[in-house]
Structures are given as C-alpha cells and as structure tokens.
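Following: one structure in structure tokens, then a few remarks.
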Amino acid sequence: MASLWEYANPVKFMKVSRWLTPVTALLAAATVGVGLIWGFFFTPDDFRQGSTVKIMFLHVPAALMAINAWAMMLVTSLIWLIRRHHVSALAAKAAGPIGATMTLIALFTGAIWGQPMWGTWWVWDPRLTSFLILFLFYLGYIALWSAIEDPDTAADLTSVLCLVGSVFAVLSRYAAIFWNQGLHQGASLSLAPGTRMDWAYKAPLYISMTGFGLLFLALVLAGTRTEIRNRRIKALMIRERANA
Amino acid sequence: MMPDLGAYATEVALAYILSLATLTLMILWIWIRSRRVKRDLADLKTRMNRKSHG
C-alpha cells in the first residue's frame with residue numbers, strides 16, 4: 001500500500017491532484033447545489049424563526065468549514081514543522097484565504113440572521129467574539145505569508161501563528177459550552193440521544209455541509225497546485241539568474 | 001417557484017445573495033490566479049529552453 005507521505009512529493013501530488021481536483025469540484029458543485037436548492041426552496045418555515053431558518057444552510061456549513069480549515073492548517077503546519085514537507089506548508093498557505101472566506105460568510109450570515117431573531121446585528125457573545133478573533137487570525141496568517149520573502153521562513157512563522165490561533169479555533173467551536181451564556185444557541189446537531197432538529201431541515205443541512213467540505217477540498221487542491229507552480233517559478237528564476 | 005419568505009424576505013435573500021457572491025469571487029480569484037501562474041511557468045520554461053538551445 002502506498003504511504004501517505006508519497007503525496008508530500010510535489011510531482012506525485014501534481015499527478016494525483018490533476019484528476020482529483022476536477023472530480024472533487026464537480027462533486028462539490030452538485031452537493032452544494034442540491035443542499036442549497038433543497039434548503040431554500042423546499043424546506044418549511046420554522047414555527048418560531050419563520051423563513052430565516054433557511055439561512056442555516058449557509059451559516060452552519062460555512063462556520064463548520066471556518067473551524068475545520070484552521071484544523072487542516074494546523075495538521076499541515078505541524079507536518080511542515082516536524083517533517084519539512086513543502087507540499088504540506090503550501091497546502092496550509094492555500095487553505096488560508098478559503099478559511100477566511102468561510103469565516104466571513106459565517107460572520108455576516110450570522111449577523112443577518114441575528115438581527116430579526118435577537119434584535120441586534122452583533123453582540124460580544126463568546127462564540128461570536130471568538131469567531132471574529134479567528135477571522136483576524138486568518139487575516140494575520142495571510143498577511144504573514146505575503147510579508148516574508150523567504151518561503152521556508154514564512155512557512156515556519158505562519159506555522160507557529162497557526163498553533164497559537166488554534167486556541168481560538170477550539171474556542172469558536174466550544175465557546176457556547178465553555179461559557180454557558182450569550183445569545184448564540186448551543187449545538188443543534190449532536191450524537192446525544194433526543195431530537196433537536198427535524199429531518200426536513202437536517203437532510204439538506206447535512207448535504208450542504210458535505211458540499212462545503214468538498215468545495216473546500218477542491219479549492220485547497222487547486223490552490224496548492226498553484227503554490228507548487230509558483231515555487232517552481234521562483235526556483236527557476238534563481239537558476240536563470242545564476243546562469244546569466 | 002419562489003418560496004414565500006414572509007416578513008423576513010429581505011434578510012434571507014440578502015444572506016443568500018451575499019454568500020453566493022462571496023463564494024463566486026473566491027472561486028474566480030483562485031481560478032484566475034491558477035491560470036496566470038500556469039501561464040507564467042510555461043512562458044519561463046519556454047524562455048529557458050530557447051536560451052539553452054540558442
């Protein structure tokens with residue numbers, strides 16, 4: 001059986017991701033499409049929240065991916081720090097802007113949903129605040145990659161930033177449990193016994209969550225391919241200058 | 001076909017329009033950058049090949 005570490009080889013990664021990226025993108029388009037169309041057009045209004053419940057099919061998958069993108073960046077950053085595989089550092093770099101976009105979507109859909117339900121666009125609630133801090137960490141992460149010329153030094157420093165930011169990623173996920181206060185509700189999806197949500201909502205929500213996960217994967221693969229090519233350009237330019 | 005969104009039509013429509021626009025912008029940015037970098041790499045390789053053979 002092929003070792004996972006084989007894919008840390010840029011040539012091998014480019015070969016596999018060449019067909020995996022379009023396949024994942026097509027699956028993502030189909031599942032996001034089905035999840036959102038089902039959620040928007042074919043779900044009933046909630047007895048208390050009315051039609052605003054339809055915002056859930058965007059807000060929950062985006063929030064989930066905001067946290068999971070940082071978790072993926074943490075794993076790939078650790079691989080870089082421990083094993084010095086360039087592909088893992090470049091995958092973390094590619095995931096940064098995608099995670100930031102997901103966090104932004106989670107923040108503004110939350111505000112739009114919160115305004116009619118809570119009577120305010122924003123409160124300094126534990127979960128909302130930790131998400132805002134996570135968004136700022138994403139911006140800092142992207143800025144740090146851009147600010148440092150040497151790619152290995154940039155990968156080292158952004159990996160350390162990723163480790164620190166992971167505290168806020170965990171807080172974003174569990175804030176509503178850690179501090180049992182604030183306006184944001186606790187988990188609606190849980191493995192614990194008891195029904196928290198009807199399948200009329202749960203089915204399109206699971207499909208949308210899967211779609212956002214596949215979309216993230218497709219975009220990270222595409223972004224990592226671009227970063228590998230970018231690194232190749234830099235290496236060739238150095239060689240060209242040395243030969244001149 | 002359009003569902004009756006009742007009193008919250010503006011909020012729901014706004015959330016969907018803004019989210020889909022943001023996702024589209026992100027996908028376009030990744031796609032355009034990918035094409036540009038791919039073209040730059042091909043151009044550079046062609047230039048280097050020409051130099052080494054010329």
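We did not get these values from a lab; they are worked out from the coordinates using the rules stated. Note that the coordinates shown come from a computational prediction; the quantities given were computed from them, not determined experimentally. So basically every Cβ, Gly included, is an ideal-geometry build from the backbone, and we count neighbours across all protein chains shown.
Computed values, structure above
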{"quantity": "Within a Gaussian network of chain A (alpha carbon springs, distance under 10 Å), most fluctuating of A:66, A:29, A:147", "calculated": "A:147"}
{"quantity": "Footprinting exposure proxy for A:167, A:53 (fewest neighbouring C-beta atoms within 10 Å first)", "calculated": "A:167, A:53"}
{"quantity": "Within chain A, longest stretch free of exposed chymotrypsin sites (Phe, Trp or Tyr not before Pro) [DSSP loop, at most 12 other beta carbons within 10 Å]", "calculated": "A:125-244"}
{"quantity": "Shape metrics for the range A:1-93, restricted to C-alpha atoms - Rg then Dmax, Å", "calculated": "18.5, 54"}
{"quantity": "Fully extended contour minus Cα-Cα distance, from residue B:40 to residue B:25, at 0.36 nm per residue", "calculated": "3.2 nm"}
{"quantity": "Given charges at beta-carbon only (K, R positive; D, E negative), |dipole| of the range A:199-244 in Debye", "calculated": "260 debye"}
{"quantity": "Relative contact order (percent, whole number), chain A, Cα cutoff 8 Å, 6+ residue spacing", "calculated": "34 percent"}
{"quantity": "Rg/Rh ratio calculated on Cα atoms of the protein assembly as shown (Kirkwood radius)", "calculated": "1.03"}
{"quantity": "Of A:70, A:44, A:9, farthest towards positive along the dipole that unit charges on Lys, Arg, Asp, Glu beta carbons give the range A:1-75", "calculated": "A:9"}
{"quantity": "MRE, 222 nm, helices only [DSSP H, n ≥ 4, -39500 (n - 2.57), over chain A, to nearest 500]", "calculated": "-28000 deg cm²/dmol"}
{"quantity": "Net charge, residue A:80 excluded, C-beta distance under 13 Å - Lys, Arg +1, Asp, Glu -1", "calculated": "0"}
{"quantity": "Dipole magnitude (debye, nearest 20) for chain A, charges at Cβ of Lys, Arg, Asp, Glu", "calculated": "660 debye"}
{"quantity": "Charged-residue dipole, Cβ positions (Lys, Arg, Asp, Glu), the range A:1-113 about Cα centre, Debye nearest 20", "calculated": "460 debye"}
{"quantity": "Cα lying deepest toward the dipole's positive end in the protein assembly as shown, options A:131, A:81, A:195, charges on Cβ", "calculated": "A:81"}
{"quantity": "Table column - 3J(HN,Hα) (Hz), the range B:31-36, Karplus curve with 6.51, -1.76, 1.60, x for Gly and Pro", "calculated": "5, 5, 5, 4, 5, 5"}
